[in-house]
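**Student:** Below are the structure tokens for one structure; questions will follow.
The values are calculated or read from the model by the stated rules, or taken from the named source; none is laboratory data. It should be emphasised that the depicted structure is a prediction, and the values quoted were computed from it without experimental measurement. Glycine also receives a Cβ, built like all others from the backbone with ideal geometry; neighbour counts cover every protein chain displayed. Calculation scope for accessible area: heavy atoms of the full protein, side chains included, ligands and nucleic acids excluded. Shrake-Rupley method; radii C 1.70, N 1.55, O 1.52, S 1.80 Å.
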Amino acid sequence: MRKEIGTVKERVIGWLLVCGLAVTVISGILFWMFSVAGIYRGTYTRKPITNEITDPGALNLVPLTILGILVGVLMMFAGVIYGFWTMFKSHKGPRRTEPNFRVLARYCYDRNQNLVMAEYDLDAVEDPRFYVKASLSNGVVGEFETSVEVFFNSGEGMCGEAELQGQWLGRFVPYVGPNASQVNT
């Protein structure tokens with residue numbers, strides 16, 4: 001099983017969103033159930049003359065369900081904030097040189113996140129974003145955003161030296177020679 005860059009962050013964000021939604025929905029259902037049960041309990045336990053409720057029953061648990069709803073919403077909010085923070089920090093950090101950088105795939109998306117299938121369509125694309133999926137020398141697979149010049153310089157199957165900064169591929173220099181494809185094996 002090969003490792004991929006960013007899978008832990010994606011799992012954390014996904015679990016925060018899913019668990020936050022589950023906690024919110026379950027707490028909302030319990031809020032409704034305890035409210036209705038407490039109202040019924042309060043109506044039939046009233047004192048006959050003063051009309052004072054003697055036992056609210058399950059209505060005492062309503063503040064706890066409100067707390068559950070708030071915790072669920074905060075979990076979802078934390079997942080969204082963490083996702084935006086990781087997107088903001090994805091191209092930050094020190095530049096590092098990666099030897100034996102093997103290009104597995106490269107692709108381009110337009111501004112509507114539609115995959116551009118042919119390279120000759122790139123002239124008509126508005127605001128293209130270029131990506132290279134590659135295997136690093138330690139076997140970890142990552143997806144890196146790059147510029148158009150580096151995109152055309154890195155062909156699928158090539159092996160070479162890359163300069164990375166976070167999830168940004170700044171430079172790719174392919175190895176040339178008869179053993180260039182066997183460097184990473």
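**Student:** Among all residue pairs at least 6 apart or on different chains, which show Cβ distances below 9 Å where the first residue, located in the stretch 3-18, is farther than 22 Å from His91 by Cβ and the second is hydroxyl-bearing (Ser, Thr, Tyr) and part of a helix (DSSP H, G or I)?
**Tutor:** Within 9 Å, the pairs are Leu16/Tyr82.
For (1) part of a loop (DSSP other than H, G, I, E, B); (2) modelled with pLDDT of 90 or more; (3) of a type in the set (A, V, I, L, M); (4) exposed (fewer than 12 other Cβ atoms within 10 Å of the Cβ), each residue gets a yes or a no:
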| residue | (1), (2), (3), (4) |
| --- | --- |
| Glu10 | no, no, no, no |
| Gly14 | no, yes, no, no |
| Leu17 | no, yes, yes, no |
| Val23 | no, yes, yes, no |
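**Student:** Can you confirm whether Arg95 is open to solvent by 50 Å² or more (accessible area, probe 1.4 Å), touching a residue at least 60 places away in the same chain (Cβ under 8 Å) and more than 30 Å from Gly20 (Cβ to Cβ)?
**Tutor:** Taking the combined requirement at face value, the residue satisfies it.
**Student:** Now for a different question. Please work out if Pro63 is surrounded by fewer than 16 Cβ atoms within 10 Å (Cβ to Cβ), outside any helix (DSSP H, G or I) and of a type outside the set (Val, Ile, Thr).
**Tutor:** Judged against the criteria, Pro63 is not a match.
**Student:** Of all residues in the stretch 13-30, count the ones that are touching a Ser or Thr at 6+ places or on another chain (Cβ under 9 Å) and over 30 Å from Leu59 (Cα atoms).
**Tutor:** Matching residues across the stretch 13-30 total 1.
**Student:** Is the stretch 87-95 home to any residue that is in a helix (DSSP H, G or I), at pLDDT below 90 and farther than 17 Å from Arg171 by Cα?
**Tutor:** There is at least one residue in the stretch 87-95 that is in a helix (DSSP H, G or I), at pLDDT below 90 and farther than 17 Å from Arg171 by Cα.
**Student:** Among the residues of the stretch 37-52, which ones are in contact with a helix residue (DSSP H, G or I) (Cβ under 9 Å, 6 or more places away or on another chain), open to solvent by 50 Å² or more (accessible area, probe 1.4 Å) and among the hydrophobic types (A, V, I, L, M, F, W, C)?
**Tutor:** Within the stretch 37-52, just Ile39 meets the criteria.
**Student:** Which number in (1) surrounded by fewer than 17 Cβ atoms within 10 Å (Cβ to Cβ); (2) at pLDDT 90 or above marks the one condition that Phe101 misses?
**Tutor:** (1)
**Student:** I'd like the residue in the stretch 121-154 that is farther than 23 Å from His91 by Cβ and not acidic (Asp, Glu) and, out of all such residues, is least open to solvent (accessible area, probe 1.4 Å).
**Tutor:** Result: Gly139.
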